[in-house]
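The values are calculated or read from the model by the stated rules, or taken from the named source; none is laboratory data. From a predicted model like this one, the values you see are computed outputs, not experimental measurements. Virtual Cβ from ideal backbone geometry, glycine too; neighbours counted across all protein chains shown. What goes into the accessible areas is simple: the full protein's heavy atoms, side chains included, and nothing from ligands, DNA or RNA. Shrake-Rupley method; radii C 1.70, N 1.55, O 1.52, S 1.80 Å.
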Amino acid sequence: MEKIQHFINGEFVASVDGKTFENINPATDEVISEVCEGGRQDVHNAVTAAKTAFSTWGKTTPAERAKVMNRIADLIEERQEELALLETKDTGKPFSLSRHLDIPRAAYNFRFFADFVKGLSTECFEMEGVALNYALRRPAGVAALISPWNLPLLLLTWKVAPCLAAGDTCVIKPAELTPTTATKLAEICKEAGLPDGVLNIVHGFGPDSAGAYLTEHPDVDLISLTGETTTGKAIMQSAASTLKKLSFELGGKNPNIVFADADIDDVIETTIRSSFSNQGEVCLCGSRIYVERPLYDTFVERLVERAQALQVGDPMDESTNVGALISREHLHRVEGFVQRAVEQGGRILTGGKRPAHMGKGCYLEPTIIVDVNESCEIVQQEVFGPVITIQPFDTEEEVLAAANNTRYGLSGTIWTTDLKKAHRVAGQLEAGIIWINSWFLRDLRTPFGGMKESGIGREGGVHSFEFFSELKNVCVKF
Ligand code: NAD
């Protein structure tokens, strides 16, 4: 069985205290690797290596950093099949998704930020006849990068790439359920010529473990987390004593608003993707579907029919649309939400159970629930699984009030052929990312992030550099 080690100062090492934990493939229930469990000393060693490396990496030019990053992208592409297979074994997601989305996007993250950093500008303001102000951009220091399990390499590289491009060094704490591709990234970075200590990895758990030790370490200057809202709250507390800079991408309970004039074929196909892609384990998945009453019955009938046609099963089978959920614990959690939704009056139109043909593994059929209202737990809490609700609405005001009636504010989609209405609703939806007649279209230059309890700050393009660098203003008197 493979042993997954920490990566500290350019070397793969075991935990100082020798502790390990098991990594399980959720599609087969098999133990696939033994992972080193980081403790306080491992975290300290990694942070020290990152701090030392910062003194040289932080002084390299953007062009020098871009060269290494493009090499990293090349190597990810060369190892695409291997990385996709490992990602699928860790997560249970369809191999086709790992191969066509997760891994290519991870490579692209490096290429994108390598290009972007070379063209970055700063500000310059003249106080006419008096003085000139110009801003200098400088790396911010040692970053803690804490990533989730749902799109492991894609989301991790979305942090690592701008971090390295900005001239920062980092300590990564991958999600404990998906440690493998992060470790392969370390191999790739070494081969690409990234200097020792610039990128370090400590595996382990969150609270009272490697994650917490990292976020409270005094030599960590900034923390970028993608994870649950409760995790963001815990990290904010532990970061407070040394006032670290924070960037949080957190949970969502995203509304899809479908007006009666929407293109029904388009909306059905996209809603199937936005509801059940990656088993619904995408922060941007729409899980609350609001449909204008004249279209409601047709929409429900057609969506149920399409959901029932999805193939749930072996992630390695090319025809599989929905793979396994990330773990048995998570499967039970999602089933608990479904059960309580029914207890609160919800009616399951399809799904709600494990597929009969799958013996082993953490599978759940795509699940559609109706007859719920705004106070139901299933409408308020993030499930992070293949479970959606559909509710009818009569007016624009009514649907906006319902859509905004949540502590989350990550994303939302609006379906209508009336562009005036689309812009009006987009302006009033309380979410950081809005799609009109589409979903998951991502231009990496645009701001990405959530409002309310879905996050702090924005990632993407210049916004990533606003986090990963410091600006200092220089004022020169004429
Ligand atoms: P999680 O919060 O449980 O874990 C995320 C990471 O944080 C893991 O590496 C974990 O070990 C670490 N962690 C947990 N508690 C910690 C603590 N107290 N201190 C330091 N580190 C800690 O999230 P998850 O279950 O891995 O991922 C699913 C969640 O992530 C969902 O809520 C989802 O919406 C969210 N997510 C958000 C986005 C986004 O862009 N907004 C993207 C993907 C996932």
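For the reader, a short list of remarks on this structure follows.
- Within the accessible area of the chain (1.4 Å probe), percent carbon and sulfur: 53 percent
- Pairs beyond 20 Å (Cα-Cα), from LYS89/LYS190; LYS51/LYS118; LYS244/LYS472; LYS118/LYS244: LYS89/LYS190; LYS51/LYS118; LYS118/LYS244
- Trypsin sites (Lys or Arg not before Pro) restricted to segment 441-471 and DSSP loop, no more than 15 other C-beta within 10 Å: ARG442, ARG445
- When all protein chains stay in place and ligands, DNA and RNA are ignored, the 1.4 Å accessible-area order of ASP74, ASP168, ASP371, largest first, is ASP371, ASP74, ASP168.
- C-alpha center-to-center spacing [segment 271-322, segment 445-478] in angstrom: 35 Å
- By definition, a body whose alpha carbon gyration tensor gives a ≥ b ≥ c is oblate when a/c is 1.5 or more and a/b is not larger than b/c, and the chain fits this oblate description.
- With both residues required to sit in the chain, DSSP beta bridges show an antiparallel share near 45%.
- When you count the other C-beta atoms within 10 angstrom of each residue and take the mean per peptide, 78-86, 106-114 line up highest first as 106-114, 78-86.
- Protection proxy ranking, peptides 266-272, 176-182, average beta carbon neighbours within 10 Å, highest first: 176-182, 266-272
- Euclidean distance between Cα centres, segment 64-102 to segment 361-400, Å: 33 Å
- Only one residue of PHE112, ILE32, VAL399 has its Cα farthest out toward the positive end of the dipole of the chain, where Lys and Arg carry +1 and Asp and Glu -1 on Cβ, and that residue is PHE112.
- Relative contact order of segment 236-371, pairs being alpha-carbon contacts under 8 Å that are 6 or more residues apart, as %: 20 percent
- Per-residue packing, averaged as other Cβ atoms within 10 Å, sorts the ranges 149-156, 399-406 into the order 149-156, 399-406, beginning with the highest.
- About the Cα centre, charge dipole magnitude for segment 426-476 (Lys/Arg +1, Asp/Glu -1 at Cβ), debye: 100 debye
- Estimated [θ] at 222 nm from DSSP helical runs (n ≥ 4, -39500 (n - 2.57)) normalised by residues in the chain, nearest 500: -12000 deg cm²/dmol
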